[in-house]
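The values are calculated or read from the model by the stated rules, or taken from the named source; none is laboratory data. Here the structure is a predicted model, which means the values were calculated and not measured. Cβ: placed from backbone, ideal geometry, glycine included. Neighbour counts: every protein chain shown.
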Amino acid sequence: MKVLVVDDSRNDRKIIRYNFEWHGCQVVEASNGRQGLEVAAAERPDLIISDCLMPGMDGFQFLHELKKLTELRSIPFVFYSAVYTGSKEAELALALGARAFLEKPKSPDQLWEEVGRLLATESAGEEVPAAKAWREEEFLRNYSQVVAGKLEEKVRELSEVNESLLRLNGELERRVVERTAQLEAANRELEMFSYSVSHDLRAPLRHLDGFSQALIDEYASKLNTTGREYLDRIRRSSRRMLDMLDAILELSRFARGKIVKESVDLSATAKEIASALSGTQQEREVSFRIAEGLSVRADAGQLKVVLEQLISNAWKFTEPRKEALIEFYATEWEGRVAFAVRDNGVGFDMAYADKLFAPFQRLHSQEEFPGRGIGLAIVRRIINRHGGKVRAEAELGKGATFTFTV
């Protein structure tokens, strides 16, 4: 027996093919009704199994056209559909001359048994109800009613799904807002705690430093060398702690407050910073190359702090160079406009680059290059609050480049 399987799903055709070939049938395939007509005319199958919903020409149109052809109209036709499964669709199919209207999915054995009963009926010579002769306008009217009904059903299903998605999105948005508010509140509390602790610790540290100095001033003659050395260590440690607390207070300051965005002339700001630095060490030979016309929408005060930190770092770490060069220019990072500060200073080992933006992390000794180790942490905090990114690239002994987006 030769079977024509018409279905736009390759997987469904494959399953039916394997099933019927296993039972000794020859199987030919088509992916829509129009192709099915061509294959049926060429192959003259003994049975046609067709899906309903297919592109180009669906199953109902396929069967309607097939019944117009005298040499093909008697071929047993079975619908096997997962979409058109209602009673109206079954009535239309049977009225058009289909032998059966089967609903997907069925196991291979179930499908074979259903078709087997149909074939047994054909072989036994039982009378098959004659298909109604459809005029073209009558077919189109009944066909359009079935299609419109199915579309209405799908619209209702989609509306229900859409309403469910809207409810789910609303719930997710509400949870996101609540969670965001909780995180923001927790961050504010953490920042205030950091500020409070830093502020409150300053007084006892100042007292420690003051009393240590008083001991040195008033009792130095009564202390031996070891005692004076201990007092010096206490004073240095307390001053170092005061510096760190000042740095924490400064860092927390940039985590608070409203960002007011406006057009910022970065080129002019960079030139102002360069001029101020040049005045502090007039004996140094430092060349600045600052690109013209660089601007961005950001908080002017905070962007000035970013450039001050980056250009000041470049100034500091190029000090060993006889002819130092510091550049500020526009570039691109991940498809966005970015800005970069580059120098030909001492650079650093990229293996330690992750440490640079953490508070109090230093890659050079305090004696070699003085500093509090907080500048780049401030830079990252400001850039993050603007929704941007910052990165560092360097080569030991050849300089560094800091790139940021806003």
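Table for the structure above
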quantity	calculated
Verdict on Ile326 being in contact with a helix residue (DSSP H, G or I) (Cβ under 8 Å, 6 or more places away or on another chain) and in contact (Cβ under 8 Å) with a residue 60 or more places away in the chain	no
Enumeration of residues in the stretch 313-348 that are surrounded by 21 or more Cβ atoms within 10 Å (Cβ to Cβ) and under 15 Å from Val390 (Cβ atoms)	Asn313, Ala314, Phe328, Phe339, Val341, Arg342
Residue check, Leu119 assigned by the TED database to the domain that holds Trp22, over 15 Å from Val3 (Cα atoms) and either touching a helix residue (DSSP H, G or I) at 6+ places or on another chain (Cβ under 7 Å) or not hydroxyl-bearing (Ser, Thr, Tyr) (or both)	no
Candidate set from the stretch 385-399 (those that are over 25 Å from Gly301 (Cβ atoms) and surrounded by 16 or more Cβ atoms within 10 Å (Cβ to Cβ)); member that is farthest from the chain's Cα centre (by Cα)	Gly399
Out of Ala181, Ala214, sole residue that is in the same structural domain as Ser238 (by the TED database), farther than 28 Å from Ser238 by Cβ and modelled with pLDDT of 80 or more	Ala181
Residues satisfying the stated conditions in the stretch 297-336, i.e. at pLDDT below 95, more than 20 Å from Ala276 (Cα to Cα) and of a type in the set (A, V, I, L, M)	Ala298
Qualifying residue in the stretch 361-375 (condition: in contact with a Pro (Cβ under 7 Å, 6 or more places away or on another chain) and assigned to a helix (DSSP H, G or I))	no
Check on Asp232, modelled with pLDDT under 80 and loosely packed, with under 15 Cβ neighbours inside 10 Å	no
Selection within the stretch 3-51 - surrounded by fewer than 15 Cβ atoms within 10 Å (Cβ to Cβ) and over 17 Å from Ser81 (Cα atoms)	Tyr18, Glu21, Trp22, His23, Gly24, Gln26, Glu38, Ala41, Ala42, Glu43, Arg44
Filtered residues of the stretch 349-384 (kept if touching a strand residue (DSSP E or B) at 6+ places or on another chain (Cβ under 9 Å), charged (D, E, K, R) and surrounded by 16 or more Cβ atoms within 10 Å (Cβ to Cβ))	Arg380
